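To start, the structure under review is shown below, and the notes come after it.
The values are calculated or read from the model by the stated rules, or taken from the named source; none is laboratory data. Because the structure is a prediction, the values reported are computed rather than measured. Every residue, glycine as well, gets a Cβ built from its backbone with ideal geometry; the counts of neighbours run over all protein chains shown.
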Ligand SMILES: Cc1cc2nc3c(=O)[nH]c(=O)nc-3n(C[C@H](O)[C@H](O)[C@H](O)COP(=O)(O)O)c2cc1C
């Protein structure tokens, strides 16, 4: 059984809605256990038990939202020392931009034992049906990739 971890941070609920849509779609894939955790509640043990990671957060002041940054800061050494390299996906909620958060995430994650599995997705403005569809697509594609051994 492969395992996908979805970690999210959300202030207004927008990123939480995307994370939930991603989770529901991923959970529909057989042979993959999917866990959805708030960034504040997730730690190194959760990441080390997973075969893949989807990060879901917002752009705040041109940067990655603090909860996601905190999760990455806390897990950096334990995951690095494990010698494992995990595939990751990135799902961002933003008011009207999101590129600053995406670039910061790419920069930070390029120094982690994590490798991009899917193109990052930015959802701008209020969460729409299309945004939920995109989030679900990421969840299903990621879980299917894990199930098939592609990631
Ligand atoms: C303090 C703060 C800073 C923000 N800065 C940006 C920004 O730089 N660029 C942007 O596109 N949206 C920005 N936003 C809007 C959020 O990214 C957007 O509302 C997002 O949907 C919030 O998701 P969340 O509430 O689930 O964390 C900001 C919101 C807050 C509260």
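Here are some notes:
- Meeting the requirement of 3 or more residues that are within 11 Å of the ligand (Cβ to nearest atom), the helices (runs of 4 or more DSSP H) wholly within the range 9-82 are 14-27, 66-82.
- From 132, 99, residue being within 21 Å of residue 18 (Cα to Cα), touching a residue at least 12 places away in the same chain (Cβ under 8 Å) and surrounded by fewer than 18 Cβ atoms within 10 Å (Cβ to Cβ): 99
- Residue, nearest to the ligand (Cβ to nearest atom), within the range 87-101, restricted to residues that are under 14 Å from residue 56 (Cα atoms) and over 12 Å from the mean Cα position of the chain (by Cα): 94
- Scanning the range 21-36 for residues that are free of Cβ contacts under 8 Å to residues at least 40 places away in the same chain and surrounded by fewer than 20 Cβ atoms within 10 Å (Cβ to Cβ) yields a count of 2.
- Of the residues contained in the range 1-17, none is found to be without any contact (Cβ under 8 Å) to a residue 40 or more places away in the chain and touching a helix residue (DSSP H, G or I) at 6+ places or on another chain (Cβ under 8 Å).
- Residue 118, sole failed condition from (1) surrounded by 14 or more Cβ atoms within 10 Å (Cβ to Cβ); (2) more than 16 Å from the ligand (Cβ to nearest atom); (3) not in a loop (DSSP other than H, G, I, E, B): (3)
- Options 119, 140, 126; residue that is farther than 30 Å from residue 83 by Cβ and either touching a residue at least 60 places away in the same chain (Cβ under 8 Å) or out of contact with any helix residue (DSSP H, G or I) (no Cβ under 7 Å at 6 or more places or on another chain) (or both): 126
- Among all residues of the range 100-112, there is none that is assigned to a loop (DSSP other than H, G, I, E, B), in contact with a strand residue (DSSP E or B) (Cβ under 9 Å, 6 or more places away or on another chain), farther than 22 Å from residue 13 by Cα and at pLDDT 95 or above.
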